[in-house]
Every structure is written in structure tokens, then in C-alpha cells.
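The values are calculated or read from the model by the stated rules, or taken from the named source; none is laboratory data. Computed from a predicted structure; not experimentally measured. Positions of Cβ are generated from backbone atoms using ideal geometry, with glycine treated the same way; all protein chains shown enter the neighbour counts.
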Amino acid sequence: MRRAWLAALAALALLGAGPQSPASPRIVLAATPIARLDLPWWRARFAAKAEELRKTSVDLVFYGDSITEDYERAGPEPWRNFVPIWQHYYGARHAINLGFKGDTTANLLWRLMHGETSGIAPKVAVVLIGANNLGRLHWSAEDTIAGIAADVAALRQRLRETRILLLGILPSERSAWASETTLAVNRALAARYREASFVTFLDIGDVFMKNGALDQSLFLDPLLTPPEAPLHPNAEGQRRMAAAIEPTLRRLLAE
């Protein structure tokens, strides 16, 4: 299923890269709403989260990909036991987790436009998205910035009273290109939203660095079988991430 989805995106990319007239701007897939309804688990999660939104009083909402979704994991290994961290920081804050593994800025944009902002008025929305743009899809820094900006704009349009805490893409060790692009995206986002009253940009990448290099002990991917390149924080990395955003989050929530 994932291979089919990637193939479909590649086909769309070819359409966007084909000959175009001056009046037809290039299609930026990263800023185009794209669903993943062909994936049964994604469709089921989207429906379940829609039901949760209808039944829950929401003051704090987290939008993102697998890094955010991981807060719902409960082990069994200690390094994959994220639920206690969520409960400690967000359990009493009427928070909801809208992280979907594998999602790009385009997939989040579709979700924002199809119900994940409906009927709620949270005080704060935390957004962590863009890592999957830099994976197999290999979307450029420029396109990824456009995608994140589209997500922020969709939130701003639909949740007028909600403060947005936009997190920079976390550092990883997938490739030199991904690392360089992550830095470029985060620099651009910091400049773009420096004077914005409704968006607070926060780059917490230093949390995952040690002596100028990525601290692999804070990631779960090297512990998998077979091991993979560091991308997803493990429980300790996620705890440090939550602690790093806590002062800003408390201020935005006016606690």
C-alpha cells in the first residue's frame, strides 16, 4: 500500500514538473491537500480521531506525523513507553493527539481541511510536521516550507483564536541532504514567523545534539531489528522534547 501511495505521488510530481505555460505555476505537492484513504489503518484512525474530537473538550491539540503519534505507544520496551510522558505533561490539559505516521505536510493539510479543525476551539495547537517530506519523497526545502506554511495558514483560517506553536523539523541522520535541508527549512521558518503574533516558532533541535553531533541514544530507530537511521525520538528523547517546549507552552496556554 505504501509503495502504491509513493508511486501515485511520483506520478503527480511528474505532472507538476511537465511543460507549463507562464500562466500555470508549478504544482507544489507539499502544499496540496492529499489524503491517504487508500490505507485501511489511516482511514480507520482518521475516523476514530474524528469521533474523539466530537466527544472531547479540547484545549490543546497536537498535529503531526509518527513522532507525535508515538505518544500513544505503551512499550513494552522502556524506550518505547511514551504514554507516561504524555500523561505527565498533557494528561490534565484536555489534549488530543492527531499524529499520523508517515504523514507529510500535504497529508496534514488534507486532514485540516476535512474535519480536524471542525467543532473545536483549542487554546494552543502544536505542529510538528515535515520530516516525511525529506524521506523517500525528497521534497525540496522550498516546497517543504511552502507545505508547512500552508498547514499554518489552514489552522489560522479555521481556528482564529488558537495560538500556534510551530516546532522545527527534528534533526535526524538519514542522509547529508536531509540534514542540510532540515537546517534550511528551520532557518527559513524562524525568519518567516519571527514577527507573527499568532505563531510561535521553536527549534528544539539542540535537545538531540551532543558535542556537535546527533545523540543517537535519544532515538529508537537504532534499537529496531534491523536497526535504522536515527529519526524517531525514543521515550527519553520524547521526554526531553516535551520538557523543552514546556515553558513556551505554559506561556501560550496562559497557565
If you check every pair at least six apart or on different chains, which have Cβ atoms under 8 Å apart with a residue in the stretch 194-214 that is crowded, with 18+ Cβ neighbours inside 10 Å first and a residue that is modelled with pLDDT under 95 and not aliphatic (A, V, I, L, M) second? none
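Taking the stated definitions as given, is E195 more than 15 Å from I148 (Cβ to Cβ), in a loop (DSSP other than H, G, I, E, B), under 18 Å from the mean Cα position of the chain (by Cα) and among the acidic types (D, E)? Can you show your working first?
Working: more than 15 Å from I148 (Cβ to Cβ): yes; in a loop (DSSP other than H, G, I, E, B): yes; under 18 Å from the mean Cα position of the chain (by Cα): no; among the acidic types (D, E): yes.
Criteria not met by E195.
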Restricting attention to the stretch 144-161, report how many residues are buried (at least 22 other Cβ atoms within 10 Å of the Cβ) and either more than 22 Å from L29 (Cβ to Cβ) or not hydroxyl-bearing (S, T, Y) (or both). 6
If you go through the stretch 218-229 one residue at a time, do you hit one that is in contact (Cβ under 8 Å) with a residue 24 or more places away in the chain and touching a Leu at 6+ places or on another chain (Cβ under 6 Å)? no
Only residues in the stretch 26-54 that are over 14 Å from H114 (Cβ atoms) and buried (at least 18 other Cβ atoms within 10 Å of the Cβ) count as the first member; pair them with residues that are among the aliphatic types (A, V, I, L, M) and modelled with pLDDT under 95, Cβ under 8 angstrom, at least 6 apart or cross-chain, and list the lot. L29/L9; L29/L12; L29/A13
Is the stretch 106-117 home to any residue that is without any contact (Cβ under 8 Å) to a residue 60 or more places away in the chain, over 17 Å from the mean Cα position of the chain (by Cα) and in a helix (DSSP H, G or I)? no
When the stretch 55-88 is examined, which residues are found to be surrounded by fewer than 19 Cβ atoms within 10 Å (Cβ to Cβ) and assigned to a helix (DSSP H, G or I)? K55, S66, E72, P78, W79, R80, V83, P84, Q87, H88
Tell me whether the stretch 240-249 contains one or more residues that are in contact with a Pro (Cβ under 7 Å, 6 or more places away or on another chain), under 23 Å from E69 (Cβ atoms) and assigned to a loop (DSSP other than H, G, I, E, B). no
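In the stretch 200-253, what residues are among the small types (G, A, S), at pLDDT 95 or above and over 19 Å from the mean Cα position of the chain (by Cα)?
Start the filter on the stretch 200-253 by keeping residues that are among the small types (G, A, S), which leaves 205, 212-213, 217, 229, 235, 237, 242-244.
After this cut, where a residue has to be at pLDDT 95 or above as well, the list is 205, 213, 217, 229, 235, 237, 242-244.
Across the stretch 200-253, the qualifying residues are A213, S217.
For (1) within 20 Å of S57 (Cβ to Cβ); (2) among the charged types (D, E, K, R); (3) free of Cβ contacts under 8 Å to residues at least 24 places away in the same chain; (4) in contact with a strand residue (DSSP E or B) (Cβ under 9 Å, 6 or more places away or on another chain), each residue gets a yes or a no:
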{"site": "K101", "(1), (2), (3), (4)": "no, yes, no, no"}
{"site": "K123", "(1), (2), (3), (4)": "yes, yes, no, yes"}
{"site": "V127", "(1), (2), (3), (4)": "no, no, no, yes"}
{"site": "L137", "(1), (2), (3), (4)": "no, no, no, no"}
{"site": "A146", "(1), (2), (3), (4)": "no, no, no, no"}
{"site": "Q157", "(1), (2), (3), (4)": "no, no, yes, no"}
Within the stretch 163-176, identify whether any single residue is surrounded by fewer than 19 Cβ atoms within 10 Å (Cβ to Cβ), modelled with pLDDT of 95 or more and part of a helix (DSSP H, G or I), and answer yes or no. yes
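What about A92, is it surrounded by fewer than 17 Cβ atoms within 10 Å (Cβ to Cβ), closer than 19 Å to L249 by Cβ and either at pLDDT 95 or above or of a type in the set (D, E) (or both)?
The answer is yes for A92.
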